[in-house]
Amino acid sequence: MTQYTKRIVIVHWLTLALLVAAWFLGDTLAEATDDGRATLAGYIVHSLVGGTVLLFTLLRFYFRSKDGIPAPVGQSPMDKVATGVHYLLYTVLFLLPASGLAIILTSKVGAALLAGDATLLPRKFHGVFAHEVHEMMVTALIVLVVVHMLGALKHQFIMKDGLMSRMSLRKKD
Ligand code: HEM
Ligand code: HEM
């Protein structure tokens, strides 16, 4: 096998799109909270988009175990770093939605959602550990994705070894 299977490729790129949407929605939500105008719908939509990321990550592991993945491109230290970054990305793809859910369970957001009353929503998340973890995971995600993207660009434009085609729907001949 020289390429990832179609369904793994589709989930990889859909995850990128969902992460961009979840990040935007999360940032908008945090600003609204600061201004005291957060809505229940804002929490629900952000949670659903973020939750879909977790669902896709679980699906991805199932597809990986069924379809297998192509062998690493090489054994150089940089190739090992790239594999390490992939595992760190997977870790963040679990911890980010999990910490999001934990914010809802361990802050007043849960009670506000259950009561259907936006006036119960918290104005601050001081002392909510899960909120700190969620913020740290967002930062970790951004750093890891930038490193991952730079690696892909290096393969594409400097090494010109066709690595991008492994994560593409176009069949290699
Ligand atoms: C996996 C994709 C996700 C991304 C990229 C993401 C991103 C973000 C971002 C950027 C913030 C703003 C952080 C801040 O500056 O305070 C945020 C806040 C938040 N997220 Fe997520 N999130 C994700 C998943 C989830 C999930 C699955 C849930 C819940 C089930 C969730 C619940 C929350 C809550 C409750 C907040 C606090 C909002 C506030 O400060 O008012 N997130 N998220
Ligand atoms: C513009 C952004 C992106 C580009 C250009 C890109 C490109 C690639 C490429 C070419 C591969 C195959 C690497 C190989 O065959 O060794 C790959 C794998 C991977 N990508 Fe991305 N990617 C991007 C965004 C993301 C995002 C946002 C995530 C998740 C947060 C992600 C997570 C992964 C993971 C975990 C793998 C390893 C797959 C496995 O072996 O299970 N990528 N990416």
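Rule-based calculations on the coordinates, nothing more; no lab input. None of the values given here were measured: they were computed from a predicted structure. With ideal geometry, Cβ positions are generated from the backbone for all residues, glycine too; neighbour counts draw on all protein chains shown.
At a glance:
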quantity	calculated
Low-density loop cleavage sites - trypsin sites (Lys or Arg not before Pro) in region 141-173, where at most 16 other Cβ are within 10 Å (DSSP)	K160, R170, K171, K172
By average C-beta atoms within 10 angstrom, highest first, the peptides 71-77, 10-16	10-16, 71-77
Added length on full extension, which subtracts the Cα-Cα distance from 0.36 nm per residue, L58 to A32	6.3 nm
Backbone HN-Hα couplings from phi across region 129-146 [Karplus 6.51/-1.76/1.60, Hz, Gly and Pro as x]	4, 4, 5, 5, 4, 4, 5, 5, 5, 5, 5, 4, 4, 4, 4, 5, 5, 5
Taking the chain and dividing mean pair separation by its residue count, relative contact order in percent (alpha carbons under 8 Å, at least six apart)	30
Region 149-163 - phi-based ³J(HN,Hα) in whole Hz, Karplus 6.51/-1.76/1.60, Gly and Pro as x	5, 4, x, 4, 5, 4, 4, 6, 9, 9, 7, 6, 9, x, 4
Integer Hz, Karplus 6.51/-1.76/1.60 couplings in order for region 78-92, x for Gly and Pro	5, 5, 5, 4, 4, 5, x, 4, 4, 5, 5, 4, 4, 4, 5
Size of charge dipole - region 6-167 - debye, nearest 20, with Cβ of Lys, Arg +1 and Asp, Glu -1, no other charges	580
Selection from H12, S65, L113 lying farthest towards where the dipole of the chain points positive, charges on Cβ	S65
Long-range HN-HN contacts of S168 with modeled amide H, under 5 Å	Y4
Environment charge of L59, counting only residues whose C-beta is closer than 14 Å and scoring Lys/Arg +1, Asp/Glu -1	+4
Net charge of neighbours whose Cβ lies under 14 Å from the Cβ of R7, counting Lys and Arg as +1 and Asp and Glu as -1	+3
